[in-house]
1. Among the numbered criteria (1) out of contact with any strand residue (DSSP E or B) (no Cβ under 6 Å at 6 or more places or on another chain); (2) in contact (Cβ under 8 Å) with a residue 24 or more places away in the chain, which single criterion is violated by Ala73?
2. Filter region 227-244 for residues that are modelled with pLDDT of 85 or more and surrounded by fewer than 18 Cβ atoms within 10 Å (Cβ to Cβ) and give the result.
3. Give Thr114, Thr99 a once-over and let me know the one that is within 26 Å of Val146 (Cβ to Cβ), surrounded by fewer than 17 Cβ atoms within 10 Å (Cβ to Cβ) and more than 16 Å from the chain's Cα centre (by Cα).
4. Have a look at Asp181, Asp172, Asp216, Asp197 and point out the one that is closer than 30 Å to Ala131 by Cα, in contact with a strand residue (DSSP E or B) (Cβ under 9 Å, 6 or more places away or on another chain), of a type outside the set (Gly, Ala, Ser) and surrounded by fewer than 22 Cβ atoms within 10 Å (Cβ to Cβ).
5. Among the residues of region 20-52, write down those that are part of a strand (DSSP E or B) and of a type in the set (A, V, I, L, M, F, W, C).
6. When you look at Val108, is it part of a helix (DSSP H, G or I) and either more than 15 Å from the chain's Cα centre (by Cα) or over 15 Å from His225 (Cα atoms) (or both), yes or no?
7. How do the pairs read when you match residues in region 104-123 that are closer than 19 Å to Pro74 by Cα and touching a residue at least 12 places away in the same chain (Cβ under 8 Å) with residues anywhere that are surrounded by 12 or more Cβ atoms within 10 Å (Cβ to Cβ) and among the polar types (S, T, N, Q), using Cβ under 7 Å and keeping only pairs 6 or more apart or on different chains?
8. Would you pick out the residues in region 134-157 that are among the aliphatic types (A, V, I, L, M) and either outside any helix (DSSP H, G or I) or touching a Leu at 6+ places or on another chain (Cβ under 6 Å) (or both)?
Amino acid sequence: MLEIKNLHVKLADEEKVILDGLTLSVPKGEVHAIMGPNGSGKSTLAYVLAGRPGYEVTDGDILWNGESVLEMAPDERAAAGIFLAFQYPMEIPGVAGLTFLRTAVNAVAKKRGTKELTTPEFMKLVKAKGAELNIDVEMLKRPVNVGFSGGEKKRSEILQMALLAPSLCVLDETDSGLDIDALKVVSDGVNALRSKDRAMLVITHYQRLLNHIVPDRVHVLAHGHIQKSGGKELALELEKSGYAEYKSKAA
């Protein structure tokens, strides 16, 4: 289970508080959605979960499976099962996608003390996972995300998530820049990875993503903490009313 307790976060070189007492629990086997207006702290939450530098936790804690992750480096969090899908996946010129993925998979295996994959074993695995997710692995022969469409970048990341087999998946506005066809492909990939042993935190502005990835719970984040929680119907309410209520009040 993911447990976020009274989390306070600011940028390391600024005094402005971004997350201000955020508390949230996400049990394994469930998909929770975080929605909220621009500047509410949604992406900051994703970055802090993954251990991105530049943020300072001034109070509170983040527990994954009962263990605090705050002192863990990003690679240690990955080995513990935490995966972040970026809003804007970066390009890595000169590094083939297959090389990048095999390196990532074996780095996590080494951290976990499990067997690293040989090249034939890795190719068999990546082809099988690609087929399961309806993702063409031929694109992985190209440099990582270089010249990729928005949909290709997100499909590549979903395949990466499948190969690393995380137990906590954090999706930071994975619908950003996708047309409706690409959105369905990516959503189908995410849904294929839903499991009783895996928790998912889906961060989005818009309800349209949640038509495809139906959440168990929806939380509204504004002014640095959770303002309201509810079932999937809460996302429909937000689609109709917008975030005006949450922009104007600091609960």
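1. So the condition that Ala73 fails would be (2).
2. Here is the first cut: in region 227-244, the residues modelled with pLDDT of 85 or more are 227-238.
Correct list: Lys228, Ser229, Gly230, Gly231, Lys232, Glu233, Leu236, Glu237.
3. Working: Thr114 fails: within 26 Å of Val146 (Cβ to Cβ).
Being within 26 Å of Val146 (Cβ to Cβ), surrounded by fewer than 17 Cβ atoms within 10 Å (Cβ to Cβ) and more than 16 Å from the chain's Cα centre (by Cα) holds for just one of Thr114, Thr99, which is Thr99.
4. Values: Asp181 fails: in contact with a strand residue (DSSP E or B) (Cβ under 9 Å, 6 or more places away or on another chain); Asp172 fails: surrounded by fewer than 22 Cβ atoms within 10 Å (Cβ to Cβ); Asp197 fails: in contact with a strand residue (DSSP E or B) (Cβ under 9 Å, 6 or more places away or on another chain).
Among Asp181, Asp172, Asp216, Asp197, only Asp216 is closer than 30 Å to Ala131 by Cα, in contact with a strand residue (DSSP E or B) (Cβ under 9 Å, 6 or more places away or on another chain), of a type outside the set (Gly, Ala, Ser) and surrounded by fewer than 22 Cβ atoms within 10 Å (Cβ to Cβ).
5. Let us first name the residues in region 20-52 that are part of a strand (DSSP E or B), namely 20-26, 31-35.
Once the filter is applied, which keeps residues that are part of a strand (DSSP E or B) and of a type in the set (A, V, I, L, M, F, W, C), region 20-52 yields Leu22, Leu24, Val26, Val31, Ala33, Ile34, Met35.
6. Values: part of a helix (DSSP H, G or I): yes; either more than 15 Å from the chain's Cα centre (by Cα) or over 15 Å from His225 (Cα atoms) (or both): yes.
Spelling it out, Val108 is indeed part of a helix (DSSP H, G or I) and either more than 15 Å from the chain's Cα centre (by Cα) or over 15 Å from His225 (Cα atoms) (or both).
7. Once the first residue is closer than 19 Å to Pro74 by Cα and touching a residue at least 12 places away in the same chain (Cβ under 8 Å) and sits in region 104-123, its partners that are surrounded by 12 or more Cβ atoms within 10 Å (Cβ to Cβ) and among the polar types (S, T, N, Q) give Ala104/Gln160.
8. Applying the first criterion (among the aliphatic types (A, V, I, L, M)) to region 134-157 yields 135, 137, 139-140, 144, 146.
Correct list: Ile135, Leu140, Val144, Val146.
The values are calculated or read from the model by the stated rules, or taken from the named source; none is laboratory data. Source: prediction; values computed, not measured. Positions of Cβ are generated from backbone atoms using ideal geometry, with glycine treated the same way; all protein chains shown enter the neighbour counts.
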